[in-house]
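In what follows, a structure is listed as structure tokens, so that the remarks can point back to it.
The values are calculated or read from the model by the stated rules, or taken from the named source; none is laboratory data. Computed from a prediction, not measured in an experiment: that's the story for all the values here. Virtual Cβ from ideal backbone geometry, glycine too; neighbours counted across all protein chains shown.
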Amino acid sequence: MMDDFDLATNLRLLCSAERSISATCRKIGINRQQFNKYLNGSAHPSASNMRRIAMHFGVRPAELMLPADEFENHPTVVTRLSGAAGPGAEANSFDSAFRGQTTQLRRYLGYYLSYFQTESWENSIICAMVRLDEHEGIIRCKSLERSIDPEDGSLYLSKYDGRAALLGNRIFVLEYQHLARDAVVETVLYPVGRGQLTYLRGVTFGITSRQRAPFTSSIVWRYLGSNIDLRTAMLKVGRYSRNSPQLDRRALAILTGGQMGTS
């Protein structure tokens, strides 16, 4: 098909300004063998992959299907190939830290219970629900905290949207509190023990626009799986006393330094 010939030619043109095809595939989150088929015109990307490719190169999916000579002279393409918005700019941008993470973080996708110590109530631990999923080449993080004040029964609900990246052997999560719109939280995690992913430990740090002092705590994520009974899991979300028998005992031990494992 002529469209596939033009697409292949256009992709090769864009890739000519990239560091390498392998690096491009990692950033987009597409298998190198499959991407080669797009480059030689023997296969056409799915709608989802077309969006990923277009997003990476900073063009619209429809523009990738333009006749090759028209595409080469398109203002967006000329600007990118000239270097103003080329791979150097992308490599140095903040967003680039969160692209191409699909392959590296695929084994971590799913639901977690997150445990951390809170300064809001003495001797208390918060258990939150966390989900990591993939959307258009980005690993998203969604968190929900729900606590009831033991003194007056007030309900506190917080929802966070964020992104995750694996740099070295550390998972970096940056989240925004989108209900109150007043807090940004960063969490850094790594597995407890080699070869196992059930428990991730680390540190979480955040600050709101309403407080001067930042909040920081050790944190433990316990992996639940990719397909779970969400309603049952949500029953565990809340505030617990540190001595509560309902807390995950190993998560508590890791959190409080009783069983730190090996990195």
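Looking only at residues in the range 172-182 that are farther than 20 Å from LEU255 by Cβ and at pLDDT 85 or above, which one is nearest to the chain's Cα centre (by Cα)?
If we take residues in the range 172-182 being farther than 20 Å from LEU255 by Cβ and at pLDDT 85 or above, then LEU174 is nearest to the chain's Cα centre (by Cα).
Restricting attention to the range 19-35, does a residue exist that is farther than 24 Å from ARG106 by Cα and in a helix (DSSP H, G or I)?
For the range 19-35, residues farther than 24 Å from ARG106 by Cα and in a helix (DSSP H, G or I): absent.
Applying the selection to the range 198-248, what residues are of a type in the set (Ser, Thr, Tyr), within 23 Å of LEU109 (Cα to Cα) and surrounded by fewer than 17 Cβ atoms within 10 Å (Cβ to Cβ)? Break it down into steps so the answer makes sense when it comes.
Initial filter on the range 198-248 (of a type in the set (Ser, Thr, Tyr)): 198-199, 204, 208-209, 216-218, 223, 226, 232, 240-241, 244.
Within this subset, residues satisfying the condition of being within 23 Å of LEU109 (Cα to Cα) are 198-199, 204, 218, 223, 226, 232.
THR198, SER218, SER226, THR232 - these are the residues of the range 198-248 that are of a type in the set (Ser, Thr, Tyr), within 23 Å of LEU109 (Cα to Cα) and surrounded by fewer than 17 Cβ atoms within 10 Å (Cβ to Cβ).
Out of the residues in the range 91-117 meeting the condition of being crowded, with 16+ Cβ neighbours inside 10 Å and over 18 Å from the mean Cα position of the chain (by Cα), tell me which one is modelled with the lowest pLDDT.
Ranking the qualifying residues of the range 91-117, first place goes to GLN117.
Being assigned to a strand (DSSP E or B), touching a residue at least 40 places away in the same chain (Cβ under 8 Å) and on the phi < 0 side of the Ramachandran plot is the requirement here; does LEU224 meet it? Steps first, answer last, please.
On the way: assigned to a strand (DSSP E or B): yes; touching a residue at least 40 places away in the same chain (Cβ under 8 Å): yes; on the phi < 0 side of the Ramachandran plot: yes.
It is true that LEU224 is assigned to a strand (DSSP E or B), touching a residue at least 40 places away in the same chain (Cβ under 8 Å) and on the phi < 0 side of the Ramachandran plot.
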